[in-house]
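Asker: Questions regarding the structure given below will be posed in turn.
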Amino acid sequence: MQIRDMVREDIRNLVPYEPHPYADVIKLDANENPHAFPAPVIKDIFETLTGDVFTRYPDPLGEELRGEIGKMTGAAPENIILGNGSDELIQLLLQTFGGPGRRVVIPVPTFAMYKIHGQITGTEPVEIPRNSDFSLDEERLIAEMQVSGATTTFIATPNNPTGTIAPVEQVRRLLERVDSLVIIDEAYIDFGGQTCLPLIREYPNLVVLRTFSKVALAGLRLGYLTADAAVVRELLKVKQPYNVNGFSQAAARAVLKNWQYFREQIAEIVAERVRLEAELGKIKGIEVFPSKANFVLFRVPVPAAELHRGLLENGVLVRKNPGRTHGLEQCLRATVGTRQENDFFLEKLTKLIPIS
Ligand SMILES: *Cc1c(COP(=O)(O)O)cnc(C)c1O
């Protein structure tokens, strides 16, 4: 008996997510917030906790949190779904709107999970290369989305790993011209770019994805989407009832209530991004791609895998193979750290790149 032979054929050749078990390194690989979680917010979270949070099943729709997110975004509760990270919502969207015989159109390079959840749900991923400046190839994208069976497309703005923005007017043009679902992933919107959220009132085929991960709560897994109520109703048929635990719901409410602390951290991260881009640009042979997110993509003049390893041996972990190739073979992606972390990283990088 071979277990492998029993597995669905389209799952058999997938590669599981690789954890990064490196201790005592500066982590610039996962686009997390490098600053300390504010102590007053921890206090707030614990003060709101009751025993019921642990013994009882959580509120399946997260009504209180949906209400708070509604106030912040201007969306009504029936336009919002919470997810166990936005990763779960990507899968939920493809379970509901994708599946065998259907296609998900993905402008690449971009976030790897769109393709992976496509494969897991039996949806055929159709990858469309972006332009050389990583902007969307609008005509090609529209043409592919008009092919029968293309029910969804995922557009991250700012895009991971390139940091590129899709202007709202461009998104509007897409929405005008296609009948399929356009999913705008705003995981990095707090760091730059313009939100497409107000457009959900005008376009029933628009979904906007957001997450608490990049600013505050990567460890607690909390994302949300906003869309037309008709889209939300369909997704709720597929969503697991208790997908978001009560502790995470309470923590997210405290984060929103105390947003001023995070606003300061975001401002610091954005300022450091600008400095990091400028400093990287001064290193001979490095090409920096302009970013509106909390990370910077750069092309290096030496083999990227070796440089990645060299940095790791020097105590700095950056992301290798960002976007899984698609023209980024010579590139690395570094999350913006604290000022001290960025200085340490720049110092090690300068040492590892030979001055010719
Ligand atoms: C990190 C990231 C996500 C996933 O966020 P979670 O809420 O932590 O699952 C989604 N989209 C993009 C583009 C990301 O970079």
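Asker: Does the stretch 25-37 contain any residue that is small (Gly, Ala, Ser) and more than 27 Å from residue 267 (Cα to Cα)?
Answerer: The answer is no; no qualifying residue exists.
Asker: Here is a further query. Taking the stretch 291-307 on its own, how many of its residues are within 30 Å of residue 262 (Cβ to Cβ) and open to solvent by 10 Å² or more (accessible area, probe 1.4 Å)?
Answerer: So the first thing to find is which residues in the stretch 291-307 are within 30 Å of residue 262 (Cβ to Cβ), and the list is 291-298.
Narrowing the set further to residues that are open to solvent by 10 Å² or more (accessible area, probe 1.4 Å) leaves 292.
Qualifying residue count, the stretch 291-307: 1.
Asker: Do the conditions hold for residue 281, that is, is it closer than 21 Å to residue 345 by Cβ, without any contact (Cβ under 8 Å) to a residue 40 or more places away in the chain, more than 20 Å from the chain's Cα centre (by Cα) and open to solvent by less than 60 Å² (accessible area, probe 1.4 Å)?
Answerer: Yes; evaluated as a whole, the condition is true for this residue.
Asker: A further question follows. What do you reckon, is residue 106 crowded, with 19+ Cβ neighbours inside 10 Å and near the ligand (Cβ under 10 Å from one of its atoms)?
Answerer: No, not satisfied.
Asker: Are there any pairs, at least 6 apart or on different chains, whose C-beta atoms fall under 7 Å, with the first in the stretch 64-87 and open to solvent by 30 Å² or more (accessible area, probe 1.4 Å) and the second within 14 Å of the ligand (Cβ to nearest atom) and of a type in the set (A, V, I, L, M), and if so, which?
Answerer: Filtered contacts from the stretch 64-87: 84/244; 87/113.
Asker: Further question on the same structure: Residue check: is residue 187 of a type in the set (Gly, Ala, Ser) and within 12 Å of the ligand (Cβ to nearest atom)?
Answerer: Yes.
Asker: Residues of the stretch 1-58 being acidic (Asp, Glu), open to solvent by 90 Å² or more (accessible area, probe 1.4 Å) and within 16 Å of the ligand (Cβ to nearest atom), which ones?
Answerer: Matches in the stretch 1-58: 18 only.
Asker: Identify all residues within the stretch 231-265 that are outside any helix (DSSP H, G or I) and over 16 Å from residue 83 (Cβ atoms); write none if there are none.
Answerer: Matches in the stretch 231-265: 258 only.
Asker: Can you name the number of the only condition in (1) open to solvent by 20 Å² or more (accessible area, probe 1.4 Å); (2) of a type in the set (D, E, K, R); (3) away from the ligand (no atom under 16 Å from the Cβ) that residue 210 fails?
Answerer: (3)
The values are calculated or read from the model by the stated rules, or taken from the named source; none is laboratory data. Note that the structure is a prediction, hence the values are computed from the model and not measured. Counting neighbours? That spans all protein chains shown, and the Cβs are built from the backbone with ideal geometry, glycine included. In case anyone asks, the SASA skips ligands and DNA or RNA and just uses the protein heavy atoms, side chains included. Shrake-Rupley method; radii C 1.70, N 1.55, O 1.52, S 1.80 Å.
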